[in-house]
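The values are calculated or read from the model by the stated rules, or taken from the named source; none is laboratory data. Fair warning: this is a prediction, and the values are worked out from it, not measured in the lab. Because the Cβ atoms are built from the backbone with ideal geometry, glycine has one as well, and the counts that use them run over all protein chains shown.
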């Protein structure tokens, strides 16, 4: 409204000036006409004209002055109109400008601001006129402001442009682009500054987001286990862009592939995948769906490497594919892990043979006629449980590993050796008739004999029971043939078990005799003494047989005790006694491993128990201790005292008997001692 009123006043003044100017011109013309008429009349009457001429010229001079004034007024009027228009334009531009504008004095105080600056800074005109720029400048930007002000005052700069942050009343900061330039109100004198302020907050945030996006993209591309690409949709995969990861992935620098300068990417794809890959893209592009494929490349070093490609086609406005974009990732390590996991899932960890799950899968896969005749072998290691208990699980594991190695060495390329249980193995022999299977069986047995010869120092031997069956037509299923092979194995095991167990027990006792001071003669004497006590007690024939076997094998647990402890010349320390006291439990486990020795397992466990409960390993006392264990304890003590040891000489029989008599009721069963004394003193 104020602007409209000012415009109305300017128009009215212009109209008044217009009227005055033309009125003066009219008066001038009338006076000129009157003067000319007067001169003419004077000339016509032959009058003296000198004075009249003077009057006329004076009038003309006045008229000329008046004319000059008219023209001057016209110029002033034009300038006034232009100034009014300019003022009006400035006011409109100032008020409607899409950027903030502030007029500042030499000390950077605002004395005029436009509405847009109020909007940008979130402050009213009155607040801005009363606030110095430093007070609303972000603290981090004030130092640069002060430096620019100093340089302005020093005259080294007369304008500047910078980005800075202003503080709004709510404490938030807004990024602005500020351009400061001098305002010249009089020629040569800088009285004020004009600041143009543009709100670039959104642009700044967008720029920062873009920079962060570019940084993130750069980080991703730099750490991508492969490369990003853009290529033409052609058989060469002509590259237009390749990321830096190309060098590590392929062994070639990225520039090598750009426009096929050195080679095309198609050339690094393993030959057997090239047509397949092109066909997959051909199927994918028309559908407009993402592409995904795994294939192998051959690097610059000639190494084959698995990669995963993920990409999609880029289409123009007409829907025509003009390029392909995507990433190619190194998945070689994952493929190796996958192969390792597959191997682990299919193979036995200890032996490296196929496991039972894989064996059964292959058994099912060999149902077709192409594998006929199909022979299947089933085999079992004899006495592994006994060996585990006598010599530890490491010994049993060594036998299992040795068996696996023998089978691997005896098998042909298409044969399938598998470990299908703890000590059980199986062989799938495709295209193998019964005669050929028998040859294979003989080859395995000869390999077992060779192993035992090579390991003759072992206290035990490798012994295998083997059965087999052959499927010659599709009339039966492979699982039926496997059952026949297993039945054949069970029959062989029944025949081999007794002899193999006896051989193992004998080898264990040989080990005990070799490692300790115990001898076979000691075992025989002990058996005789124990049998004499048993007969006095009227034991049954069965119990006497068990007593004899027990007397022979009571220290079988010493097979796994360190011989440095067994043969130590001095007294055992506490740690050594702890180990020594374990031999009854070890012997118990060994005896429990075989049907032949299981009846005496409990006696072996308790043959170091004392009548008063001070023995080991369970601290049994009195009749809690089995009778046969009480008998052996007395006989064993006597024989031990009357034999030489590395740490002492043998006692006399009478001294030993006196010591046994002394320990009756504490270490020994008093009744057994009484009977033993009667037997021994009766002999003497």
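Brief remarks follow.
- Residue count for segment 352-380, restricted to those that are assigned to a strand (DSSP E or B) and closer than 17 Å to residue 440 by Cα: 7.
Every residue, every condition in (1) in the same structural domain as residue 141 (by TED's automatic domain parsing); (2) within 27 Å of residue 118 (Cβ to Cβ); (3) at pLDDT 85 or above; (4) outside any strand (DSSP E or B), yes or no:
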residue: 152; (1), (2), (3), (4): yes, yes, yes, yes
residue: 162; (1), (2), (3), (4): yes, yes, yes, no
residue: 178; (1), (2), (3), (4): yes, yes, yes, no
residue: 192; (1), (2), (3), (4): yes, yes, no, no
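- Subset of segment 110-128 [surrounded by 14 or more Cβ atoms within 10 Å (Cβ to Cβ) and more than 13 Å from residue 174 (Cα to Cα)]: 110, 112, 113, 114, 115, 116, 125, 127, 128
- Given (1) farther than 19 Å from residue 424 by Cα; (2) buried (at least 17 other Cβ atoms within 10 Å of the Cβ), index of the condition residue 386 fails: (1)
- Evaluating residue 164 against the criteria (1) free of Cβ contacts under 8 Å to residues at least 60 places away in the same chain; (2) surrounded by 17 or more Cβ atoms within 10 Å (Cβ to Cβ); (3) farther than 18 Å from residue 202 by Cβ leaves one unmet condition, (3).
- Close pairs from segment 322-350: first more than 24 Å from residue 281 (Cβ to Cβ), partner part of a helix (DSSP H, G or I), Cβ under 6 Å, at least 6 apart: 346/358
- Of the criteria (1) surrounded by fewer than 16 Cβ atoms within 10 Å (Cβ to Cβ); (2) farther than 14 Å from residue 199 by Cβ; (3) free of Cβ contacts under 8 Å to residues at least 24 places away in the same chain; (4) more than 54 Å from the chain's Cα centre (by Cα), which one residue 143 fails: (4)
- Pairs with Cβ under 6 Å, 6+ apart, first in segment 127-138 and not assigned by TED's automatic domain parsing to the domain that holds residue 166, second assigned to a helix (DSSP H, G or I) and at pLDDT below 90: none
- Qualifying residue in segment 136-149 (condition: in a helix (DSSP H, G or I), modelled with pLDDT under 85 and more than 23 Å from residue 184 (Cα to Cα)): no
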